[in-house]
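Enquirer: The structure is given below, and queries will be raised subsequently.
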Amino acid sequence: MGQIAGAWVAALLTLFIFSFLYKDNPFYKFAEHLFVGVSAGYWFAYYYHNVVIPNLYNPLRQGHFLYIIPGVLGIMMLMRLVPKVGWISRWALAFIIGMGSGYFLITYLQTNALAQVEATMSLRLNSVNNVLLVIGVLTGLIYFFFSKEHKGVLGGAAKLGIWFLMIAFGASFGYTVMARFSLLIGRMHFLIFQWLPTIPFFRGLAR
Amino acid sequence: MKRQAPLIITFLAGFAMILGYFIPHEPFGSLQQILNTWYMVVAAFAMILGVGNLVKLHSAKIRRRSPGFGYSYVLLAGLAAMALFGITRGIEPGTVFYWMWWNMHVPMSSTMFSLLAFFVASASYRAFRARNVEAALLLIAGILVMIGRVPLGDMIWSRFPDVADWIMNVPNAAGQRAILIGIALGVVSTSLRLLLGIERTYLTGD
Amino acid sequence: MRLFLITLSVFCVCAVVSADAQPRSPQIFDLVEPFPSVFPPEQVSARDLPNDAGGSVTVSWRISRSDPEVDAYEILRGQELEGDFSVIGSVEPGTCEFIDTGVSDGVSYFYAVRAVKGEVKSESTPSAEVSSSAQWFNRNRTSMLIALAVFSLLVMWFIYRAKKGVELFIRKISGLEAVDDAIGRATEMGRSVLYIPGIMDMDDIQTIASVVILGRVAKKAAEYDVHLHVPVSKSLVMTTAQEIVKESFSAAGRPDAYNPDNIHYLTDDQFGYAAGVDGIMVRERPATVFLLGAFYAESLILAETGHSVGSIQIAGTAMPAQLPFFVAACDYTLIGEELFAASAYLSKEPLLLGSLKGQDWGKAIFMFLIGAGVILETLGIINLSRFLVTR
Amino acid sequence: MGFADRIREIDRRIIFLVVALAIIIPLLIPIGFPIQVSPSVRDLYNALESLPPGSKILMSFDYGASTYPEIYPMSLALLRHCFRRGVKPIIMGLWPEGIPFAERALQVTVEEEGKVYGEDYANLGFKAGGIVVMQALGRSFEEAFPVDAYGTPLSDIPVMQSVRNYDNVAMVIDFSAGDPGIPAWIMIAQGRFGKPVGGGCTAVSAPQFFPYLQAGQLVGLMGGMKGAAEYETLIRTRDLGSAGMDAQSIAHAVIVLFIVIGNATFFLGRWSSRRNKGTS
């Protein structure tokens, strides 16, 4: 019974969301507000069980007092609610922004820059493809030059660069189209073969 | 002090992350991991601010009887049910939280995601037009890759998959690499501006 | 570079020498026991895992000659050559390596491996003495250190020059040129400006960049007296955005017009957020939509809905997978690096512009490296790329 | 407004309707386009096929609700294959939402193949921490998962008794939708502990794993619903993946058709407006 009720709730909410494609309407508004509420509640409970308990409560109970620091930072964050000492929340924010900057500085430099440069410079110019690849990377980079006006030779190269970027955009667009349909097929599959058969008339559809 | 302290904290936190990358010896080796755990805890605390804000706005809507305030009840009910059941009764299979997650959150999430299929169709109908050279290149690359990736394309001309692969592996790879390298430099320079306190708008104010 | 080569060759030589120095297990087993039912594994060697935080030893061996019949290999460890060895792990046949993570740094160990077949166990001669240690610098990452130093110095140098008042030219970026008009359009139409800072949290550099841009946009919105609406997906982003917008409104001389409720939290959930923002778009019909920051699959859902209500859309992200969708559906798109240049561009602050110049020099160096690397590689002179390898 | 203009400014809801029909009709009336098995999927199948019955494999469910239409069919196909070959899967998840999907897939396949919990498979449940968990598994499964998903100590589960760490499983299969996912498994399980790693991912992320396949760091890979359909072809059990493939082909053709119509009307419109300018 719980399963059939569940299937009905799921199916109706699915249809409510699809109704947005026609136009905004009370059904979509209902689903939208429910979705925002339920998902905010979901992540709230998720953080509680999977972050606060294992990463703060348990370590503190076991006597790992280093974990007082994040606790204090967290409370600093909440100080925003008290106007007079609200400024202290910036300390916690400063920590997060600093940490994020340091982390991304390293990871992007390694995985985006060095790894890609390395992959490109180990090419031998012995095939049309490799020549094209190198030209594409170089002109693409020229497009991103900010401190030089794009005219003359530089302008031509930048133009060629944007062409490469456009081909890249078209190709990845075309590539992902397929994946996008799987999701829709999944939803339709649910509606047709799992939900409809709960109505006696459509029982024959069950798979 | 009020102004300087955040800048110093930003710098120290960033520097610690960088040290942790180069020095395997403890305590530096696990710095990245430790600081990341701290961040998660702060984010969890901040969640109280976010959810508090959501509750505040929607209860104000209900109080003021602003248009559509009925939906605010729906939102608050969903929020309260998920959060309270989740925290007091657990989130394992068999709980109310789990039932709501599986029958409400999951279907709405995947339906919202699946809307993409429709939007991909309408966007490509509108945007894939050979208005100029750039748009034409986008269009041609897009179509060739699309055709090359389904059995239908293979049936039309057996070399379509090869053409699609070539586009993916040569011009696409070149363009992507240029984008990635550019992004890396943008990130490096933005991070440095933040760590050195040159970009400090996020900390200004009294 | 020369120093690099020398260090590298010293390493290679060391590696070769030390490999040779491993004790070979004597091949006299066959003589002692003419028909052993199972041959033992051979050439057991143990070494400290380099460039790590210590606490681990890699044991390797050559598989037993009767490997196909063996059930498993057991790895034994002892602290004295003549003392007791105890089993610390077992692996499937055909395996020739085991990483022992149960060691203490600075303590000497010996390892042996034995082949097990039913009740029969045949043990190798022990390895040479080994002890694990932690390193103070990860040598695999030398190239990263150099790159980091070079780019930091470049960026700082140009910031320093800007401080001294050297004028800098910055080319036009059309997506950013359009910002003023887009906000002005909202004034004319009497509609709002919607700003979406992506779905990631404040620890993501794209979000940070976006929130900084939000500050510049908010200042203009305050000047034009436009309603600015910022629904966000993460609580920390909400608090930061509130701070920044408040500050911008004060800077524009309109602190009275700031309303913190216009910057509000929806949900942490990716598609819950997309559903909420779609709802806001169709009901509010903003004149202008900014989609700047880190986006995933929701990018096109937002951009198509924004287009359908007739908004001018300025998008920007460093997520390569989402760029095509923004290019297809939005009026202007900031591609990757342009997103990070936006705050400097919009503020026109010399110090920030200086850092852009530093970025350009970074690109020039990479282009030079690619050019030089490809040419040297093609001519077969040297493979430069291996100096860039990082792990 | 001429015919071409009307087509060009077509109400996008008509496009939506056509797309919906392009999906629904083939689902109801399957066409059965032949499914060609790509090498990376065949490699994965062969790797599993070559395991002796009774071997154990670690299967990690690292995906969530939004990607389940793509990845869930793969897990069904792979579990079926394991059970038929007598290979014993040890299930775990690094994404909290992964385990409910694993349980669903197990429910279906266990019933079909008549398998017993604890004897033929085990479910260790979810554990937060990503790479940290993978490293802990290298030391001991019990350290990472003291109890299984249902609170039973691992030592009380028959299938887990001979499993200490990676050394006692034949391979690692990851159903991956992001991070932590395949790259991390390759880094730890393959890179540090030398275990073969295979898996499935969304179609969008598949290309980024091709280098791993070429380098042999991945034994095989299923990409998107198509990957699932191919695996279903190999184990001769048509299910969710195959059902979607016809719809996918038709939908693709519809999109291409839209683009062609869009361009045709665009050029027609330009041509007619130029001609009008000429006459007036």
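Enquirer: Out of all the residues in region B:36-72, which are farther than 26 Å from A:S89 by Cβ and polar (S, T, N, Q)?
Expert: The answer is B:S66, B:S72.
Enquirer: Filter region D:45-91 for residues that are at positive phi and in contact with an Asp or Glu (Cβ under 9 Å, 6 or more places away or on another chain) and give the result. Before you say what the answer is, go through the steps one by one.
Expert: Going residue by residue through region D:45-91, those that are at positive phi are D:54, D:86.
Result: D:G86, single match.
Enquirer: Considering only region D:7-30, I want to know if a residue exists there that is surrounded by fewer than 23 Cβ atoms within 10 Å (Cβ to Cβ), in contact with a Pro (Cβ under 9 Å, 6 or more places away or on another chain) and closer than 28 Å to C:A297 by Cβ.
Expert: no
Enquirer: All but one of (1) out of contact with any Asp or Glu (no Cβ under 6 Å at 6 or more places or on another chain); (2) open to solvent by less than 50 Å² (accessible area, probe 1.4 Å) hold for B:F119, so report the exception by its number.
Expert: (1)
Enquirer: So the check is Cβ under 7 Å with 6+ separation or different chains; which pairs have a first residue in region C:70-92 that's under 13 Å from C:K117 (Cβ atoms) and a second one that's open to solvent by less than 40 Å² (accessible area, probe 1.4 Å) and among the polar types (S, T, N, Q)?
Expert: Note: pairs meeting the criteria are C:V70/C:S64; C:A72/C:S90; C:Y73/C:S90; C:Y73/C:T95; C:E74/C:S90.
Enquirer: Report, ordered by the first and then the second residue, all pairs with beta carbons closer than 7 Å, sequence separation of six or more or different chains, a first member in region C:224-236 that is on the phi > 0 side of the Ramachandran plot, and a second member that is open to solvent by 10 Å² or more (accessible area, probe 1.4 Å) and not hydrophobic (A, V, I, L, M, F, W, C).
Expert: Listed by first residue and then by second, the contacts come to C:D225/C:T187.
Enquirer: Quick check on D:G129: is it in contact with a Gly (Cβ under 9 Å, 6 or more places away or on another chain) and of a type outside the set (D, E, K, R)?
Expert: Numbers: in contact with a Gly (Cβ under 9 Å, 6 or more places away or on another chain): no; of a type outside the set (D, E, K, R): yes.
No; evaluated as a whole, the condition is false for this residue.
Enquirer: Only one of A:A115, A:A171 is open to solvent by less than 30 Å² (accessible area, probe 1.4 Å) and under 25 Å from the mean Cα position of the chain (by Cα); which? Spell out the reasoning first.
Expert: Details: A:A115 fails: open to solvent by less than 30 Å² (accessible area, probe 1.4 Å).
Answer to the selection: A:A171.
Enquirer: How many residues, within region C:283-296, are open to solvent by 10 Å² or more (accessible area, probe 1.4 Å) and more than 8 Å from chain A (Cβ to nearest Cβ)?
Expert: 3
Enquirer: Looking only at region C:77-112, how many residues end up being among the hydrophobic types (A, V, I, L, M, F, W, C), more than 18 Å from D:G138 (Cβ to Cβ) and touching a strand residue (DSSP E or B) at 6+ places or on another chain (Cβ under 8 Å)?
Expert: The number of residues fulfilling the criteria is 4.
Enquirer: When the residues of region A:193-207 are narrowed to those that are surrounded by fewer than 17 Cβ atoms within 10 Å (Cβ to Cβ) and of a type in the set (F, W, Y), which ends up nearest to the chain's Cα centre (by Cα)?
Expert: In this case the residue turns out to be A:F202.
Enquirer: Would you check which residues across region B:131-173 are open to solvent by less than 10 Å² (accessible area, probe 1.4 Å), within 7 Å of chain A (Cβ to nearest Cβ) and among the small types (G, A, S) and list them?
Expert: B:A141, B:G142
Enquirer: In the list A:K148, A:K84, A:K159, which residue meets the criterion of being among the charged types (D, E, K, R), more than 7 Å from chain B (Cβ to nearest Cβ) and out of contact with any helix residue (DSSP H, G or I) (no Cβ under 9 Å at 6 or more places or on another chain)?
Expert: A:K84
Enquirer: Give just the number: which of (1) outside any helix (DSSP H, G or I); (2) surrounded by fewer than 24 Cβ atoms within 10 Å (Cβ to Cβ); (3) small (G, A, S) does C:A315 not satisfy?
Expert: (2)
Enquirer: If you scan region B:28-54, which residues turn out to be of a type in the set (A, V, I, L, M), open to solvent by 40 Å² or more (accessible area, probe 1.4 Å) and more than 10 Å from chain C (Cβ to nearest Cβ)?
Expert: Within region B:28-54, just B:I34 meets the criteria.
Enquirer: Can you confirm whether region C:326-341 contains a residue that is more than 7 Å from chain B (Cβ to nearest Cβ) and touching an Asp or Glu at 6+ places or on another chain (Cβ under 6 Å)?
Expert: There is no residue in region C:326-341 that is more than 7 Å from chain B (Cβ to nearest Cβ) and touching an Asp or Glu at 6+ places or on another chain (Cβ under 6 Å).
For every residue, the table says whether it meets (1) open to solvent by less than 10 Å² (accessible area, probe 1.4 Å); (2) part of a loop (DSSP other than H, G, I, E, B); (3) polar (S, T, N, Q).
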residue	(1), (2), (3)
C:M281	yes, no, no
C:H307	no, no, no
C:F325	yes, no, no
C:T333	no, no, yes
C:E338	yes, no, no
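Enquirer: Does B:V187 satisfy the condition of being within 26 Å of the chain's Cα centre (by Cα), facing chain A (nearest Cβ under 7 Å) and within 30 Å of A:I142 (Cβ to Cβ)?
Expert: So B:V187 passes the test.
Enquirer: Say we look at region A:179-192 and pick out the residues that are within 20 Å of D:I29 (Cα to Cα) and open to solvent by 10 Å² or more (accessible area, probe 1.4 Å); which of these is nearest to the other protein chains (Cβ to nearest Cβ)?
Expert: That would be A:G186.
Enquirer: Where in region A:53-156 are the helices (runs of 4 or more DSSP H), entirely inside, with at least 3 residues that are more than 30 Å from B:F22 (Cα to Cα)?
Expert: Counting at least 3 such residues, we get A:68-78, A:128-143.
Enquirer: Sticking with this one: Of all residues being among the aliphatic types (A, V, I, L, M) and buried (at least 20 other Cβ atoms within 10 Å of the Cβ) in region D:145-158, which is nearest to the other protein chains (Cβ to nearest Cβ)? Just the residue, please.
Expert: So the residue we want is D:L154.
Enquirer: Also, quick follow-up: Given (1) more than 30 Å from B:A184 (Cβ to Cβ); (2) away from chain B (no Cβ under 12 Å); (3) at pLDDT 95 or above, identify the lone condition not met by C:T267.
Expert: (2) is the only condition that C:T267 fails.
Enquirer: Let me ask another. In region A:1-23, what count of residues is obtained for those that are in contact with a Lys or Arg (Cβ under 9 Å, 6 or more places away or on another chain) and outside any helix (DSSP H, G or I)?
Expert: Here the count works out to 2.
Enquirer: I've got another one for you. With the condition being open to solvent by less than 10 Å² (accessible area, probe 1.4 Å), I'd like the helices (runs of 4 or more DSSP H) fully within region D:180-280 carrying at least 1 qualifying residues.
Expert: On the way: elements: D:182-185, D:210-214, D:224-234, D:240-279.
It comes to D:182-185, D:224-234, D:240-279.
Enquirer: Of (1) charged (D, E, K, R); (2) modelled with pLDDT under 85; (3) within 38 Å of the chain's Cα centre (by Cα); (4) more than 24 Å from D:R139 (Cβ to Cβ), C:E92 satisfies all except one. Which?
Expert: Single failed check for C:E92: (4).
Enquirer: Within region C:358-370, can one find any residue that is at pLDDT below 90 and either more than 29 Å from B:S122 (Cβ to Cβ) or surrounded by fewer than 18 Cβ atoms within 10 Å (Cβ to Cβ) (or both)?
Expert: No, region C:358-370 contains no residue that is at pLDDT below 90 and either more than 29 Å from B:S122 (Cβ to Cβ) or surrounded by fewer than 18 Cβ atoms within 10 Å (Cβ to Cβ) (or both).
The values are calculated or read from the model by the stated rules, or taken from the named source; none is laboratory data. What you see is a predicted model; the values in this text were computed from it and never measured. No Cβ is skipped: glycine too gets one built from the backbone with ideal geometry, and neighbour counts run over all protein chains shown. For the accessible areas, the whole protein counts, side chains as well, though only heavy atoms, and no ligand, DNA or RNA atoms are used. Shrake-Rupley method; radii C 1.70, N 1.55, O 1.52, S 1.80 Å.
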